[in-house]
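Data block below; observations after.
Every number in this text was worked out from the coordinates using simple rules, so none of it is lab data. Everything quoted here is computed from the prediction, not taken from an experiment. When we count neighbours, we look across all protein chains shown, and the Cβ atoms used for this are built from the backbone with ideal geometry, even at glycine.
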Amino acid sequence: MVSTKKSSKNASKVDSDVATTSNSQSAVSVNENGQIILRIHAKPGAKKSAITDVGEEEIGVSIAAPPRDGAANEELISSMMHFLGLRKAEIDFDKGAKSRSKVLLITTKRYSKEQIEEKLKVCAAEN
């Protein structure tokens, strides 16, 4: 009986860890500081910058700049500012400046997570 109790405790701990992880791995989420997290799959070298899709885990963004000398990163930030109506001080990189999978942080009180998700979906539907 004792071993069953231990495994059930471990099982419930694993279940709660999985729930926490899956929530933090969504395309749009909120961290403990209240910042909105965007998980981006960047597609540099496109003809125009656009949000191509809003998936469960990542937001597809085509970028009209080559992946050289930070040009694609600058275009990504500029495009996301335009798409979401953000100011430069409200959006920045968290991770992935040298990768196709990027994490952007939005620090604003002007928009909620739900409003950002809606803006992303509208932009994706336009393309």
For the pair residue 30 and residue 43, how long in nm is the line joining their label points, each one 7 Å along Cα→Cβ?
3.1
Give the Rg/Rh ratio for the stretch 28-127, taking Rg as the radius of gyration of the Cα atoms and Rh as the Kirkwood radius, to two decimals.
0.93
Hey, rough spin-label estimate for residue 121 and residue 105, points 7 angstrom out along Cα→Cβ, what's it come to in nanometres?
2.7
Report the net charge of residues surrounding residue 66, where surrounding means a beta-carbon distance below 13 angstrom and charges are Lys +1, Arg +1, Asp -1, Glu -1.
0
Burial order of peptide ranges 75-83, 27-35 (average beta-carbon count within 10 Å, highest first):
75-83, 27-35
With the dipole of the stretch 26-125 defined by +1 on each Lys or Arg Cβ and -1 on each Asp or Glu Cβ, the option from 77, 124, 59 whose Cα lies farthest towards the positive pole is 77
Simple spin-label estimate for residue 97/residue 82, 7 Å along Cα→Cβ, in nm, reads 2.3
Over the stretch 71-127, relative contact order from alpha-carbon pairs under 8 Å, at least 6 apart, %
27
Charge tally for neighbours of residue 36 with beta carbon under 13 Å away, counting Lys, Arg as +1 and Asp, Glu as -1, is -2
A chain fully extended from residue 89 to residue 69 at 0.36 nm per residue, minus the present Cα-Cα distance, gains in nm 5.0 nm
Over the stretch 26-125, what is the relative contact order in percent, taking alpha-carbon pairs closer than 8 angstrom and at least six residues apart?
30
